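The values are calculated or read from the model by the stated rules, or taken from the named source; none is laboratory data. The structure presented is a predicted model; accordingly, all values stated were derived computationally and were not measured. Reconstructed Cβ throughout: ideal geometry from the backbone, glycine too, with neighbour counts over all protein chains shown.
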């Protein structure tokens with residue numbers, strides 16, 4: 001308790017610095033979830049994607065990132081074991097932020113799309129199990145996360161496969177694909193608006209204390225979807241199509257219709273991602289601030305200090321701007337060749353999977369969801385359409401994420417204990 005009283009300000013500053021670093025890593029690595037398919041399909045240039053993501057990620061993180069956030073991410077450890085030694089929990093959270101941020105920096109530099117959620121969970125499990133005791137960890141929750149490595153990409157891949165096939169049947173395999181695109185793409189827009197607004201309602205708005213019943217959420221999401229479809233139809237009617245363009249590639253004009261849809265999905269996914277994943281950085285930071293400000297008392301939830309959310313939001317934007325293009329390139333170009341119609345299938349599939357997982361409480365990684373969806377789109381065109389060496393590297397990086405976060409967290413945890421003489 002003396003350490004928290006004596007070094008409280010220093011501990012909060014350390015947590016804030018490493019929380020910013022972790023948010024920076026989320027921006028560098030995870031924002032590719034929202035932007036990778038849009039850039040890969042050439043619906044947006046890399047510069048446009050970064051500007052769009054900066055606006056919508058910041059808005060999502062700041063406006064819907066959390067009025068009240070759980071101090072212990074996903075209930076992965078039992079805070080009851082730290083009641084008598086709250087300084088150990090503070091050291092652990094600071095070490096976890098530094099460990100997860102370091103791993104995300106390494107992965108982003110290498111262009112690996114890893115899970116920021118799993119990075120911070122691996123770090124928290126590491127310091128708790130080795131530094132305090134294995135009984136502090138909820139191992140059933142950890143087992144669920146490992147299981148989601150297989151389940152989540154499979155679900156997303158299957159959904160993407162069938163969405164892509166439906167577009168093939170309804171539009172591309174018809175004698176007049178452009179007319180079919182004008183007819184059916186607004187309906188896909190309704191479905192996309194519905195699913196992505198449902199993601200935002202179920203995963204984002206609850207952070208700002210706005211709670212809807214399931215029925216209210218569905219009705220609101222459907223209304224948003226219909227509005228998006230109507231706007232999309234108007235925009236499509238105003239596109240000036242060039243018949244000569246189809247001589248070079250048969251579906252150039254059809255893909256221009258889908259490109260309108262991709263911009264919509266990119267904006268919405270960026271907002272939903274910012275609102276949800278900023279908690280990976282500010283959750284542990286909020287825990288440290290709460291413990292220090294209360295003089296060592298550990299609460300189950302922490303009211304956020306006014307400055308915590310901007311730290312996360314600015315960190316995400318900075319990471320994206322500085323290093324985000326490497327992972328965007330992997331998802332957009334590395335796995336399979338994407339066009340706007342294929343990118344749309346992947347994006348809608350990822351959003352649908354996130355909605356399903358939120359409803360069932362399945363621990364989910366947006367990264368793994370989107371990579372699975374992109375794989376599904378590639379599989380719809382045959383196994384030869386996939387770059388299997390890139391896929392192998394991605395799967396290896398997923399497996400390495402939990403232990404990498406855990407090992408670094410343990411090292412940083414013991415380093416902090418040594419520095420503060422505990």
Residue match in segment 117-130 (condition: more than 19 Å from the chain's Cα centre (by Cα), surrounded by fewer than 24 Cβ atoms within 10 Å (Cβ to Cβ) and under 30 Å from residue 91 (Cβ atoms)): yes
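From 347, 297, 255, which residue is closer than 30 Å to residue 76 by Cα, out of contact with any strand residue (DSSP E or B) (no Cβ under 6 Å at 6 or more places or on another chain) and outside any loop (DSSP other than H, G, I, E, B)?
Values: 297 fails: outside any loop (DSSP other than H, G, I, E, B); 255 fails: closer than 30 Å to residue 76 by Cα.
Every option except 347 fails the conditions.
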For residue 418: the one exception among (1) at pLDDT 90 or above; (2) touching a helix residue (DSSP H, G or I) at 6+ places or on another chain (Cβ under 9 Å): (2)
Any chance residue 291 is over 14 Å from the mean Cα position of the chain (by Cα), buried (at least 21 other Cβ atoms within 10 Å of the Cβ) and over 30 Å from residue 372 (Cβ atoms): yes
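Answer with yes or no whether residue 321 is buried (at least 24 other Cβ atoms within 10 Å of the Cβ) and either in contact (Cβ under 8 Å) with a residue 24 or more places away in the chain or closer than 16 Å to residue 104 by Cβ (or both). Steps first, answer last, please.
Values: buried (at least 24 other Cβ atoms within 10 Å of the Cβ): no; either in contact (Cβ under 8 Å) with a residue 24 or more places away in the chain or closer than 16 Å to residue 104 by Cβ (or both): yes.
Judged against the criteria, residue 321 is not a match.
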Residue within segment 195-214 that is in contact with a strand residue (DSSP E or B) (Cβ under 8 Å, 6 or more places away or on another chain) and within 30 Å of residue 409 (Cα to Cα) present: yes
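Please state which one of 64, 100 is at pLDDT 85 or above, within 24 Å of residue 364 (Cα to Cα) and within 20 Å of the chain's Cα centre (by Cα).
The unique qualifying residue is 100.
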Checking residue 362 against (1) under 19 Å from the mean Cα position of the chain (by Cα); (2) at pLDDT below 85; (3) assigned to a helix (DSSP H, G or I), the condition it does not meet: (3)
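Does residue 312 fit the bill of being in a helix (DSSP H, G or I) and in contact with a strand residue (DSSP E or B) (Cβ under 6 Å, 6 or more places away or on another chain)?
Numbers: in a helix (DSSP H, G or I): yes; in contact with a strand residue (DSSP E or B) (Cβ under 6 Å, 6 or more places away or on another chain): no.
The answer is no for residue 312.
Conditions (1) in a helix (DSSP H, G or I); (2) in contact with a helix residue (DSSP H, G or I) (Cβ under 6 Å, 6 or more places away or on another chain); (3) loosely packed, with under 15 Cβ neighbours inside 10 Å; (4) in contact (Cβ under 8 Å) with a residue 24 or more places away in the chain, marked per residue:
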{"site": "369", "(1), (2), (3), (4)": "yes, yes, no, yes"}
{"site": "373", "(1), (2), (3), (4)": "yes, yes, no, yes"}
{"site": "378", "(1), (2), (3), (4)": "yes, yes, no, yes"}
{"site": "390", "(1), (2), (3), (4)": "yes, yes, no, yes"}
{"site": "396", "(1), (2), (3), (4)": "yes, no, yes, no"}
{"site": "403", "(1), (2), (3), (4)": "yes, no, yes, yes"}
{"site": "406", "(1), (2), (3), (4)": "yes, yes, no, yes"}
{"site": "409", "(1), (2), (3), (4)": "yes, yes, no, yes"}
{"site": "414", "(1), (2), (3), (4)": "yes, no, no, yes"}
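Could you tell me whether residue 388 is farther than 19 Å from residue 269 by Cα, modelled with pLDDT of 85 or more and more than 16 Å from the chain's Cα centre (by Cα)?
Values: farther than 19 Å from residue 269 by Cα: yes; modelled with pLDDT of 85 or more: yes; more than 16 Å from the chain's Cα centre (by Cα): yes.
So residue 388 passes the test.
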